[in-house]
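To keep things clear, I will list the structure first and then write my remarks on it.
Rule-based calculations on the coordinates, nothing more; no lab input. What you see is a predicted model; the values in this text were computed from it and never measured. FYI the Cβ positions are ideal-geometry reconstructions off the backbone, even for glycines, and counts take in every protein chain you see.
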Amino acid sequence: MADKVLMKGNEAIAEAAIRAGCRHYFGYPITPQTEVAAYMAKRMPKIGGTFLQAESEIAAINMVYGVASAGLRAMTSSSSPGISLKGEGISYLAGADLPALVVNVQRGGPGLGGIQPSQSDYFQATRGGGHGDYHMIVLAPSSVQEMAELTVKGFELADQYRMTAMILADGTMGQMMEPVDLNFDVKPAPEKPWATTGTKMQRKHNIVNSLSLVPEELEKLNIARFERYDLVKQNETMYEEFMMDDAEIAIAAFGIAARVSKNAVKEARKRGIKAGLIRPITLWPFPDAPFKKAATHVKEIISVELSMGQMIEDVRLASECKVKVSLCNRVGGMIPSPEQVLDAIVKASNNGGRE
Amino acid sequence: MKTNETPNSVSRILPFASSHKRITLVLGHYGSGKTNISVNLALSLAKSGEKTAIADLDIVNPYFRTKDSLTVLREAGIRLISSEYANTNLDIPALPQDMYAVTDDRSLSCVLDIGGDDRGALVLGRLRPGIVAENDYEMLLVLNQYRPLTADAGSAIEVMREIEAAANMRFTGIVNNSNLGAETTAKIVLDSLSFAEEVSKKTSLPIRMTTVREDLMQELEGKVGSLFPLCLQKNFIESKI
């Protein structure tokens, strides 16, 4: 038996979650993430875990709320329209400071949209999606290996900061098959003294709740929560830089778009164009630093997205409008080709110099 | 077996084409490689001059369909029996309206590409009576040891029994398709032989063939019996992204 297994991205998420100690999965089928639920349905009963196909996405996210309150690692997964349904529950998780993992294998939208890949839930994931002031830690894998590793990371970060972590993948990442090495380390879950595990008449009741009717108190809770978010920003931002040292054209891309872009960057280099790639791995917190640095030496940043241009706003903010930022995109389930990205690089390269 | 043949030589493909039954059913674990193998089996039948049809009876997965290979199949003169909704954005488990051609038209050599796991095998409920009555079929179990839920003989046989129960039919042979995608080497294939043999021994099913990517044929020749070369269909090649 080799050290690797051949897995679909969706299966890798499910297996990694199990290895991270998750024994409670609540889901509802939707293409293109159904393999997560199918895998859990097969595996969970064999290891004493719970697989439950809920009556709806709303029910599933609230079951996650329940298990998270009891201090255990819980997850749910869905695709775009289903994540919208979970929005209320995600806000409640944030309001109750509960750790959980939510997986979004995005498909084209809005509405029911299609079943082909998309990255058009970027705003929803990074700006909230539900109501109120809150954030999720948003992780964007760009290989099946990362689908597994970031799932584990998601559980760890969620526990550490008492936040919801979201895996923001897309239909391609969910469906593609690649060899995966599952021999990674998993940190044990930390103590959760706040969890509702029963007092055994030894301590005061723990209360998990997102309701707070006294405005002075609610304000304090919000401010304290954002102080915790600041720690996440300082400590947990992740990104990959590829050939950025001497780059004159930078690509900003995550997930499947980053894979396409990397090929385009290599091709551009062959043609003597100094192109590079910045790949955010955390979408929230967004990696501002590499873009701020890039803005001092590139003449254009091209944001390559499977959306009408969502991450581009964060790229502009991070580069402080010091450099031109353009969009190279496909939508509706289409994926930009390496040739399309290469054309954008060539065009940017031919556009004059820095001002 | 001669050793100076090119990987594409017809004679190497013939062992299947010359010994096949009228209907070849291809079933197995989800993601074990059934569609790709089905297309290649159909192509080898067509190449040997048979009037060939391939039926896409997958109601499980809306992606990676037989229809992805439409151009190749058409060029080879193979009839594609496929749901009108395959490869549309309409995500429903529909069966092709002309699926009964498989049992009604006995001039056809048919390869049936069935969806994964026991859920996929349920579709056979409607075709089974005709197939069994005619009794000119083989039912192949596709195995990939490097897939997560069929990594040992015990779990592979468990999946196999689930499929048989859903299909209400018994397998007649094993296709060892153990591979690690783009990272497959000859060693990866050789390492899987003992697994395939164990499944074979425990189930009393013969290993009908070991399927490998075309470029590995030369290296494996003589080391593995009943090799069958696979030309990977377009949608299965991910290296471009």
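For chain B, a simple Cβ point-charge model (Lys and Arg +1, Asp and Glu -1, everything else neutral) yields a dipole of about 360 debye relative to the Cα centre. B:Asp136 sits among other residues whose Cβ lies under 11 Å from its own Cβ, and their net charge, with Lys and Arg +1 and Asp and Glu -1, is +1.
Where a ≥ b ≥ c are the square roots of the eigenvalues of the C-alpha gyration tensor, would you call the range A:240-351 rounded, which needs a/c under 1.5, or, failing that, prolate if a/b is larger than b/c, or oblate? Rounded, since a/c falls under 1.5. Only Cα pairs under 8 Å and 6+ residues apart enter the sum, and on that basis the relative contact order of the range A:87-201 stands at 32 percent. So which aspartates and glutamates can A:Lys322 reach, going by Cα to Cα under 17 Å and dropping same-chain residues fewer than 8 places off? Here the aspartates and glutamates satisfying the reach criterion relative to A:Lys322 are A:Glu248, A:Asp288, A:Glu300, A:Glu313, A:Asp314, A:Glu355. About its Cα centre, the dipole of the range A:240-355 is roughly 280 debye, where the only charges are +1 on Lys and Arg Cβ and -1 on Asp and Glu Cβ. Look at the dipole of chain B built from charges on Cβ: of B:Ser32, B:Val175, B:Gly225, the Cα furthest out on the positive end belongs to B:Gly225. Dipole magnitude for chain A: about 380 debye, using +1 per Lys or Arg Cβ and -1 per Asp or Glu Cβ, origin at the Cα centre. Counting only other chain Cβ atoms within 10 Å of each residue's Cβ, the peptide A:23-33 averages 1. What the Kirkwood sum gives for the range B:46-177 is a hydrodynamic radius of 15.7 Å, with every pair of different alpha carbons counted. Size descriptors for chain A (Cα atoms only): Rg and Dmax, in that order, 20.7, 74 Å. When each of A:Tyr39, A:Tyr134, A:Tyr229 is scored by the number of other beta-carbon atoms lying within 10 Å, the sequence from fewest to most is A:Tyr229, A:Tyr134, A:Tyr39. In chain B, taking the dipole from charged Cβ atoms about the Cα centre, the farthest positive-side position among B:Leu193, B:Ala153, B:Ser44 is held by B:Ser44. Relative contact order of the range B:22-238, taken over Cα pairs closer than 8 Å and 6 or more residues apart, is 23 percent.
Once divided by 2.2 N^0.38 Å, the Cα radius of gyration of the protein assembly as shown becomes 1.04.
For the residues of B:144-152, the average number of beta carbons from a partner chain within 10 Å of their own beta carbon is 5.
How many percent of the alpha carbon pairs in chain B exceed a separation of 33 Å? The share of Cα pairs beyond 33 Å in chain B comes to 11 percent. The value of relative contact order for the range A:240-351, using C-alpha pairs under 8 Å at least six residues apart, is 31 percent. Ranking A:Phe242, A:Asn351, A:Ser303 by Cα position along the charge dipole of the range A:240-351, where only Lys, Arg, Asp and Glu carry charges on their C-beta atoms, puts A:Asn351 farthest toward the positive end.
Highest mean packing comes first when the peptides B:125-132, B:42-49, A:192-199 are listed by Cβ atoms within 10 Å, giving B:42-49, B:125-132, A:192-199.
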